[in-house]
Amino acid sequence: MTNEFSLSTGPITFPPEFGWGVATASYQIEGAVKADGRGQSIWDTFSHLPGKILDGTNGDRASDHYNLWRQDVDQLADLGVRYYRFSLAWPRIQPDGRGPANQKGLDFYKRLTQRLLDKGIIPWVTLYHWDLPQALEDAGGWPSRDTAQRLADFGELAFAALGDQVDHWTTLNEPYCTAFLGYADGEHAPGRQEPAAALAAMHHLLLGHGLTIERWAAARRSGQELGITLNFSPPLAPEDSDTPEVRDAIRRYDAIANRAFLNPLVRGEYPADLVQDLAPLTDFGFVREGDMALIAQPMDALGVNYYNRLAVLGVDPAVDRFAPGHANVGAADVVTGNRGRPVTGRNWPVDPEGLIWLTKWLTDNYDLPPLWVTENGSAWEDRIAPDGAVHDPARVAFLEAHARAIRKILDLGIDLRGYFVWTPWDNFEWAFGESSRFGLVYVDYETQQRTEKDSFHWYKALAASGSIPDDQSEA
Ligand code: FCB
């Protein structure tokens, strides 16, 4: 995995049909966690546990989007994006994760969707972006097979209510994070550190996807597109060591981080090497007859979330590869790091070429529907400057570099349809709380005052013109 791509520096233009957008998630922006009959989610529980969130905040207020949605949609219209990707808070719609819909919860999303349509913005719905109703976790959570059925019921209900307004439907956001950060690493809700249970969660998430796609496919109108969003972490080889041990570490890391979800979805089977790697922990007895065919049903879109690429530096012999408290089950001993790249405020390497590499790897190796970059963005130490503005040249440079990567991907003939920036408004960034700002708009959480950052204006110009005039990243 060494091939690199160079990015152009001159003016570039994008095809007019290319879809610029932005993305959010319910728990991260909505706040109003007790409004209108909303139930409790695992993130409400988890974020209130001492020590779980870096800055001690929780999602109770977040960006107060549940109350400010009108002005927020107006701001999206001003930004000029064609797509707005958002998720449905399961506990607003089914407070306990099962049974009839809470009409007030559905009404919120109907109003939101209608206003988007009125403003000429295409809504893109993610059914599940991590806020599992607590009652379902109490019944076993994702390691329990029943949760897959519950997701499909929720999906059917949401589709029946919003299907006439929404053409783009995604089942899950980053099931890797749900399974492995939630149940193996424990950094995310529900905070369990049970590697074997995390593997059952992996399968039940995929099954829930398959069952939901089956219901949606039966109910869809023509023109409606169904899919899933996965996150990918393409491993870079270390610079100086090419040993069998390192090669095996790269393979194991890639198996759990990238192929564990993709292969079942696209090829209808778990990677053989992954099954072998995980044999000490599971016999995959959670896979029942018919599951894999359900999981591998055709899709119309694959969402790709890309933030960075890490180098596999080696293995730590002191760490058991199945040790609880590590996300990458079977590869807990693999040591990753940054290979000489500048980093964001979150210490993530800035690696736009990695996105080119990733989309090429995907389309070279898998038979895929059209791709969409459903998330990409960066967090920095943003501040309101004395002139009242928020100057974020590093975010502008990050976005420009990734837009140039997109141009290159299109030049390679890869069927990539759109690119969504994470995220319009600063929001509750999971275990980092309010301390990690990814927004194009600065949010003062005390006053809920929104201030457009320089990057907002930069992205607005890109969305309006479909072009980048000149390389501004060096400026
Ligand atoms: C992704 C999540 C999204 C956001 C970004 C920064 O993994 O899907 O909710 O937290 O990271």
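The values are calculated or read from the model by the stated rules, or taken from the named source; none is laboratory data. Everything numeric here is computed off the predicted structure, so don't read it as measured data. Neighbour counts are summed over all protein chains in view; Cβ atoms, including those assigned to glycine, are modelled from backbone coordinates with ideal geometry. Surface areas here come from the heavy atoms of the whole protein model, side chains and all, with no ligands, DNA or RNA. Shrake-Rupley method; radii C 1.70, N 1.55, O 1.52, S 1.80 Å.
I'd like to know if segment 193-204 contains one or more residues that are modelled with pLDDT of 95 or more and touching a Gly at 6+ places or on another chain (Cβ under 6 Å).
Filtering segment 193-204 down to residues modelled with pLDDT of 95 or more leaves 193-204.
Going one step further and asking which of them are touching a Gly at 6+ places or on another chain (Cβ under 6 Å), we end up with 193.
Taking every residue of segment 193-204 in turn, at least one turns out to be modelled with pLDDT of 95 or more and touching a Gly at 6+ places or on another chain (Cβ under 6 Å).
Restricting attention to segment 212-234, does a residue exist that is assigned to a helix (DSSP H, G or I), within 16 Å of the ligand (Cβ to nearest atom) and buried (at least 20 other Cβ atoms within 10 Å of the Cβ)?
No; the residues of segment 212-234 include none that is assigned to a helix (DSSP H, G or I), within 16 Å of the ligand (Cβ to nearest atom) and buried (at least 20 other Cβ atoms within 10 Å of the Cβ).
So, in segment 30-57, exactly how many residues are crowded, with 19+ Cβ neighbours inside 10 Å and over 14 Å from PRO91 (Cα atoms)?
Of the residues in segment 30-57, 4 are crowded, with 19+ Cβ neighbours inside 10 Å and over 14 Å from PRO91 (Cα atoms).
Kindly state which helices (runs of 4 or more DSSP H) lie completely within segment 20-114 and contain at least 1 residues that are touching an Asp or Glu at 6+ places or on another chain (Cβ under 7 Å), within 15 Å of the ligand (Cβ to nearest atom) and of a type in the set (Ser, Thr, Tyr). Break it down stepwise before answering.
Details: elements: 26-29, 42-47, 65-79, 90-93.
Result: 26-29.
I'd like to verify a number: residues in segment 1-60 that are more than 20 Å from ASN173 (Cβ to Cβ) and aromatic (Phe, Trp, Tyr), how many?
3
Determine the pairs where a residue that is under 25 Å from TRP422 (Cβ atoms), located within segment 208-230, has a partner that is open to solvent by 40 Å² or more (accessible area, probe 1.4 Å) and of a type in the set (Gly, Ala, Ser) with Cβ atoms under 7 Å apart, the partner being 6 or more residues away or on another chain.
LEU226/ALA217
When residues of segment 1-56 are filtered for being at pLDDT 95 or above, hydroxyl-bearing (Ser, Thr, Tyr) and closer than 30 Å to VAL350 by Cα, how many remain? Please lay out each step first, then the result.
Let us first name the residues in segment 1-56 that are at pLDDT 95 or above, namely 11-56.
Okay, now just the ones that are also hydroxyl-bearing (Ser, Thr, Tyr), so 13, 24, 26-27, 41, 45, 47.
Remaining after also requiring closer than 30 Å to VAL350 by Cα: 13, 24, 26-27, 47.
Counting residues in segment 1-56 that are at pLDDT 95 or above, hydroxyl-bearing (Ser, Thr, Tyr) and closer than 30 Å to VAL350 by Cα gives 5.
Considering segment 422-438 alone, what residues qualify as being away from the ligand (no atom under 11 Å from the Cβ) and outside any helix (DSSP H, G or I)?
PRO424, TRP425, ASP426 - these are the residues of segment 422-438 that are away from the ligand (no atom under 11 Å from the Cβ) and outside any helix (DSSP H, G or I).
So that you can scan it fast, the table gives a plain yes or no per residue for (1) open to solvent by less than 20 Å² (accessible area, probe 1.4 Å); (2) β-branched (Val, Ile, Thr):
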site: GLU156; (1), (2): no, no
site: ALA161; (1), (2): yes, no
site: VAL166; (1), (2): yes, yes
site: GLU174; (1), (2): yes, no
site: PHE180; (1), (2): yes, no
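Being aliphatic (A, V, I, L, M), under 27 Å from GLY210 (Cβ atoms) and open to solvent by 10 Å² or more (accessible area, probe 1.4 Å) is true for just one of VAL275, VAL315, VAL304, VAL319. Which residue is that?
Result: VAL275 is the single residue among VAL275, VAL315, VAL304, VAL319 that is aliphatic (A, V, I, L, M), under 27 Å from GLY210 (Cβ atoms) and open to solvent by 10 Å² or more (accessible area, probe 1.4 Å).
Give me a count of the residues in segment 172-191 that are charged (D, E, K, R) and either more than 10 Å from the ligand (Cβ to nearest atom) or part of a helix (DSSP H, G or I) (or both).
Total satisfying the criteria: 2.
Could we say that ARG339 is on the phi < 0 side of the Ramachandran plot and touching a residue at least 60 places away in the same chain (Cβ under 8 Å) here?
Values: on the phi < 0 side of the Ramachandran plot: yes; touching a residue at least 60 places away in the same chain (Cβ under 8 Å): yes.
Yes, satisfied.
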